[in-house]
Amino acid sequence: MLTLGIETSCDDTSIALLEDETDLRANVVSSQIEHAEYGGVVPELASRAHVSNVLPVFEHALDQAGARPADIDLIGVTHAPGLAGALLVGGAFAQGLSLALDRPIVPVHHLEAHMVAILLEHPVVRLPAVALIVSGGHTLLVHVRGWRRYEVLGRTRDDAAGEAFDKVGKLLGLGFPGGPAIEREARSGDPRAIDFPRPMLDSGDRDFSFSGLKTSVLQWVGEREPAEVAARRPDVCASFQAAVVEVLVEKTARAAETLEVPSVILAGGVACNGPLREALRARLADCEVVWPSPILCTDNGAMIARTAVLRADEAVRPGEFDVHASLPLP
Ligand code: KG4
Ligand code: ZN
């Protein structure tokens, strides 16, 4: 069975072709560079870029897979959460294809897909698990009792972890997105150089908050001459990253210990972060800690296709499809 996965919820236009459950025949990602000069995603620019990218990305994916449109059996597309105008582009494209090919559409929840991405490379994850989803728009701690059986344990009360990386990156002149640049810069810095706060580390619940930490970095920078800030940028990056990592790791580890789960799944774009991965594995020696390859951590069509396969029984026909800017995990 060949499943098409379409992802257009934010600033990546991505289309994948998945044979059965794990044979990824194509996964094309076109990351929009239009937003770089604004230091964040501009919704209308994102929609317009999806419109011009979606067909070339689809054709590129077919090419890579050596497939024809008629070979597609099932269409999966992100329907929530995300930028409404961006989601509509993928949704309209999916409905057009569905009509033309007479194939059903599975509406996919983007955050479920970030977790399910792990199944592409680790088809058997021991459940129940605790999943930490850390992306540009979301920070969520989830109890995965089984696939399709989720309970949200905690979430960020303000900025997402990736958003904090992006805002600090912008503040330090590192461009957008900030996450990969901060990780790179931090390699030559000292994570103990500046004592940034560890927000909500001991709040007694499983929620997060990153907006105060970002403000602390802003204050530290504001109190210094530009030359000093430039010279100490690696230390700022390393110290900021250490604060984010400590809170994420500690709260995830405590949830995993209390719930006595055999596995922890790290997912979403921030899961690309090396120090986060290493610290989580080191902290949870008795647990299997797993994460997808970087290309499957950031937004991609493959995770959408795999989730569509998981929920193939929920397929709808064109005309029955809608998008939602926000929607709880299914
Ligand atoms: O999952 P994703 O591609 O998009 C959303 O659904 O938001 O995540 C993008 C986020 C951005 O905020 C980016 O800065 C962050 O993931 N990110 C990283 C790294 N690579 C990407 N954050 C920290 N370290 C990284 N290596
Ligand atoms: Zn995402």
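Considering only the range 306-320, state which residues are buried (at least 18 other Cβ atoms within 10 Å of the Cβ) and more than 16 Å from ligand 1 (Cβ to nearest atom). I'd like the intermediate steps shown before the answer.
Taking the range 306-320 as the starting set, the residues that turn out to be buried (at least 18 other Cβ atoms within 10 Å of the Cβ) are 306-311, 318.
Within the range 306-320, Ala308, Val309, Leu310, Arg311, Pro318 qualify.
Within the range 193-214, not a single residue is within 16 Å of ligand 2 (Cβ to nearest atom) and part of a helix (DSSP H, G or I). Among the residues of the range 96-118 satisfying the criterion of being in a strand (DSSP E or B) and away from ligand 1 (no atom under 16 Å from the Cβ), which is most open to solvent (accessible area, probe 1.4 Å)? The qualifying residue most open to solvent (accessible area, probe 1.4 Å) is Pro107.
The single condition from (1) surrounded by 14 or more Cβ atoms within 10 Å (Cβ to Cβ); (2) in contact with a helix residue (DSSP H, G or I) (Cβ under 8 Å, 6 or more places away or on another chain) that Leu218 fails is (1).
Among the residues of the range 56-79, are any within 26 Å of Lys170 (Cα to Cα), open to solvent by less than 20 Å² (accessible area, probe 1.4 Å) and touching a residue at least 24 places away in the same chain (Cβ under 8 Å)?
First, pick out the residues of the range 56-79 that are within 26 Å of Lys170 (Cα to Cα): none.
Checked the range 56-79: no residue is within 26 Å of Lys170 (Cα to Cα), open to solvent by less than 20 Å² (accessible area, probe 1.4 Å) and touching a residue at least 24 places away in the same chain (Cβ under 8 Å).
Looking only at the range 11-45, residues that are within 16 Å of ligand 2 (Cβ to nearest atom), at pLDDT below 95 and of a type outside the set (D, E, K, R) come to 6 in all.
Yes/no matrix, rows are residues, columns are (1) more than 12 Å from ligand 2 (Cβ to nearest atom); (2) in a loop (DSSP other than H, G, I, E, B); (3) small (Gly, Ala, Ser); (4) surrounded by 23 or more Cβ atoms within 10 Å (Cβ to Cβ):
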{"site": "Leu132", "(1), (2), (3), (4)": "yes, no, no, yes"}
{"site": "Gly154", "(1), (2), (3), (4)": "yes, no, yes, no"}
{"site": "Lys167", "(1), (2), (3), (4)": "yes, no, no, no"}
{"site": "Lys170", "(1), (2), (3), (4)": "yes, no, no, no"}
{"site": "Gly173", "(1), (2), (3), (4)": "yes, yes, yes, no"}
{"site": "Ala181", "(1), (2), (3), (4)": "yes, no, yes, no"}
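Checking the range 32-40 against the condition returns no match, with no residue being of a type in the set (A, V, I, L, M), open to solvent by 50 Å² or more (accessible area, probe 1.4 Å) and in a strand (DSSP E or B).
In this structure, Arg283 does satisfy being open to solvent by 40 Å² or more (accessible area, probe 1.4 Å) and either outside the structural domain of Ser9 (by TED's automatic domain parsing) or of a type in the set (Ser, Thr, Tyr) (or both).
The values are calculated or read from the model by the stated rules, or taken from the named source; none is laboratory data. Quantities reported herein were computed from a predicted structural model and do not represent experimental measurements. Neighbour counts are summed over all protein chains in view; Cβ atoms, including those assigned to glycine, are modelled from backbone coordinates with ideal geometry. Just so you know, the surface numbers come from the protein's heavy atoms only, side chains and all, with ligands and any DNA or RNA stripped out. Shrake-Rupley method; radii C 1.70, N 1.55, O 1.52, S 1.80 Å.
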